[in-house]
Amino acid sequence: MTQRDWQKDMEMCEAATPGPWKARSWTVPTADQYNVTSEHDASEIFTAWQGARYPGGPEVSADQAKLNAIVAAEARTALPYWLQEAKERGEREQQLRELMKDALGCMVMFAGKEDDHVQRIVKAFRTLYPDTPAPKEEEENKCRGCGSHMVPQWGGDEGPESHWEECQNPDCDYEEGDNQ
């Protein structure tokens, strides 16, 4: 599949005659063509001919000419719609990817990176996102006093601003601010 530039494609759509467009049979001067016009001002956008346009050229059937005109007319509104939809889905996918990384980090912190469930999820995540590095047990998630895992804590209804971490080791007496 050819790589496309979303921004350039959207700019191309915006620069074209405003839509929606409409396809119809054109019977004057002959009945061998279909045209696409703007619904705003009836200006002609595109003509699809049946038959051969030049000697030795390919024959286009009446049905094919009609379908070509319909596709061109529908593409005027369909392409910008799907471009916007793709952009929004890409943004949602990026948010989900970041959320999955955070969730996987929490799983590693609680269960360890060797846990079977963690390994299964890492494998599936790497299938979806091959550029994702293996999860690490971050130093920032370890107690500075004893090296045990720190457990995230939240202050109830106060929201994410009231987040802190506590050491899992009940024998550790390290307090934030100690110089060890």
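The values are calculated or read from the model by the stated rules, or taken from the named source; none is laboratory data. Since this is a predicted model, take the numbers as computed values, not measurements. Glycine gets a Cβ as well: all are built from the backbone with ideal geometry, and neighbour counts include every protein chain shown.
The table for this structure:
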item: Region 19-49 - residue that is within 18 Å of residue 75 (Cβ to Cβ) and either outside any strand (DSSP E or B) or acidic (Asp, Glu) (or both) and, of those, modelled with the highest pLDDT; result: 20
item: Those residues of region 1-35 which are surrounded by 13 or more Cβ atoms within 10 Å (Cβ to Cβ), aliphatic (A, V, I, L, M) and farther than 28 Å from residue 85 by Cβ, in sequence order; result: none
item: Boolean, residue 20 is in contact (Cβ under 8 Å) with a residue 24 or more places away in the chain, within 30 Å of residue 129 (Cβ to Cβ) and touching a helix residue (DSSP H, G or I) at 6+ places or on another chain (Cβ under 6 Å); result: no
item: Options 38, 61: the member that is under 22 Å from residue 81 (Cβ atoms) and in the same structural domain as residue 81 (by TED's automatic domain parsing); result: 38
item: Lone unmet requirement of (1) at pLDDT below 85; (2) under 30 Å from residue 23 (Cβ atoms); (3) assigned to a helix (DSSP H, G or I) for residue 53; result: (3)
item: Residue 97 vs. criteria free of Cβ contacts under 8 Å to residues at least 60 places away in the same chain and within 30 Å of the chain's Cα centre (by Cα); result: yes
item: Selection within region 50-73 - among the small types (Gly, Ala, Ser) and more than 36 Å from the chain's Cα centre (by Cα); result: 51, 52, 56, 57, 61, 62
item: Any hit, region 73-86, residues being modelled with pLDDT under 65 and exposed (fewer than 13 other Cβ atoms within 10 Å of the Cβ); result: no
item: Any pair with Cβ under 8 angstrom, 6 or more apart, that starts in region 109-127 at a residue that is closer than 21 Å to residue 97 by Cβ and outside the structural domain of residue 147 (by TED's automatic domain parsing) and ends at one that is hydroxyl-bearing (Ser, Thr, Tyr) and surrounded by 11 or more Cβ atoms within 10 Å (Cβ to Cβ); result: 125/132; 126/132
